[in-house]
Amino acid sequence: MSRAIVVNSAVRVPEGALHVRAVRASGPGGQNVNKVATKVDLRVDLDAVEGLSEAARSRLRTLCRHRLDADGRLMVSSQATRNQARNLEDARDRVRALVAAALREPRPRRASAPSAGARERRLDAKKRRSALKRERTRRGGW
């Protein structure tokens, strides 16, 4: 029923790493929703994903940390349509997108400092605010 999910030329999720289960969906659908198992639960064994570097595998686990089951498998559900085959494709696309997102290395953050002009503007604003508040104080000390 399932075939491998190809993310790019080097990375793929093999068919053996996928476990598909169809269940009855919730929500609108009349009698159909009570009879037909259109919702798809797709579980993916992340250790079996081929072609991932250790850094990418770590990023994938971090991205999916709220979707992992007790065995460490990624759980993706789809009940977007009333058709089981389209829901399966939707779930597979979501897995593909998550793995592709883990492949992209985040840009390193470079520390920056405010410019001299920005520092001066901030201090001027603080002085103006301070002077405004000083004007409000009572003189004469009741």
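Among the numbered criteria (1) in a helix (DSSP H, G or I); (2) exposed (fewer than 14 other Cβ atoms within 10 Å of the Cβ), which one does LEU60 miss?
Tallying (1) in a helix (DSSP H, G or I); (2) exposed (fewer than 14 other Cβ atoms within 10 Å of the Cβ), LEU60 fails exactly one: (2).
Of the conditions (1) part of a loop (DSSP other than H, G, I, E, B); (2) of a type outside the set (D, E, K, R); (3) at pLDDT 90 or above; (4) under 30 Å from GLY30 (Cα atoms), PRO108 clears all except one; give me its number.
It fails just one condition, (4).
Which one of these is charged (D, E, K, R) and in contact with a strand residue (DSSP E or B) (Cβ under 9 Å, 6 or more places away or on another chain): ARG57, ARG43, ARG65? Walk me through it before giving the result.
Values: ARG57 fails: in contact with a strand residue (DSSP E or B) (Cβ under 9 Å, 6 or more places away or on another chain); ARG65 fails: in contact with a strand residue (DSSP E or B) (Cβ under 9 Å, 6 or more places away or on another chain).
Of the residues listed, the single one that is charged (D, E, K, R) and in contact with a strand residue (DSSP E or B) (Cβ under 9 Å, 6 or more places away or on another chain) is ARG43.
Spot the failing condition for LEU74; the list is (1) within 18 Å of PRO14 (Cβ to Cβ); (2) in a loop (DSSP other than H, G, I, E, B), and only one is missed.
Tallying (1) within 18 Å of PRO14 (Cβ to Cβ); (2) in a loop (DSSP other than H, G, I, E, B), LEU74 fails exactly one: (2).
Output yes when any residue across the range 2-12 is surrounded by 11 or more Cβ atoms within 10 Å (Cβ to Cβ), assigned to a strand (DSSP E or B) and at pLDDT 90 or above, and no when none is.
Checked against the condition, which is being surrounded by 11 or more Cβ atoms within 10 Å (Cβ to Cβ), assigned to a strand (DSSP E or B) and at pLDDT 90 or above, the range 2-12 yields no hits at all.
Of all residues in the range 77-108, count the ones that are free of Cβ contacts under 8 Å to residues at least 60 places away in the same chain and within 12 Å of the chain's Cα centre (by Cα).
5
Kindly list, by first and then second residue, each pair from a residue in the range 37-51 that is of a type in the set (Ser, Thr, Tyr) to a residue that is at pLDDT below 90 and part of a loop (DSSP other than H, G, I, E, B), limited to pairs with Cβ atoms under 9 Å and residues at least 6 apart or on different chains.
Once the first residue is of a type in the set (Ser, Thr, Tyr) and sits in the range 37-51, its partners that are at pLDDT below 90 and part of a loop (DSSP other than H, G, I, E, B) give THR38/ARG24; THR38/ALA25; THR38/GLY29; THR38/GLN79; THR38/THR81; THR38/ARG82; THR38/ASN83.
Restricting attention to the range 24-50, and to residues there that are at pLDDT below 90, hydrophobic (A, V, I, L, M, F, W, C) and closer than 12 Å to ARG82 by Cα, which single residue is surrounded by the most Cβ atoms within 10 Å (Cβ to Cβ)?
Restricting to residues being at pLDDT below 90, hydrophobic (A, V, I, L, M, F, W, C) and closer than 12 Å to ARG82 by Cα, the top hit is ALA25.
Among the numbered criteria (1) in contact (Cβ under 8 Å) with a residue 40 or more places away in the chain; (2) under 25 Å from the mean Cα position of the chain (by Cα); (3) surrounded by 12 or more Cβ atoms within 10 Å (Cβ to Cβ); (4) part of a helix (DSSP H, G or I), which single criterion is violated by ALA55?
Here ALA55 meets the rest and fails (3).
The values are calculated or read from the model by the stated rules, or taken from the named source; none is laboratory data. Being a predicted model, the structure only gives us computed values, none of them experimental. Reconstructed Cβ throughout: ideal geometry from the backbone, glycine too, with neighbour counts over all protein chains shown.
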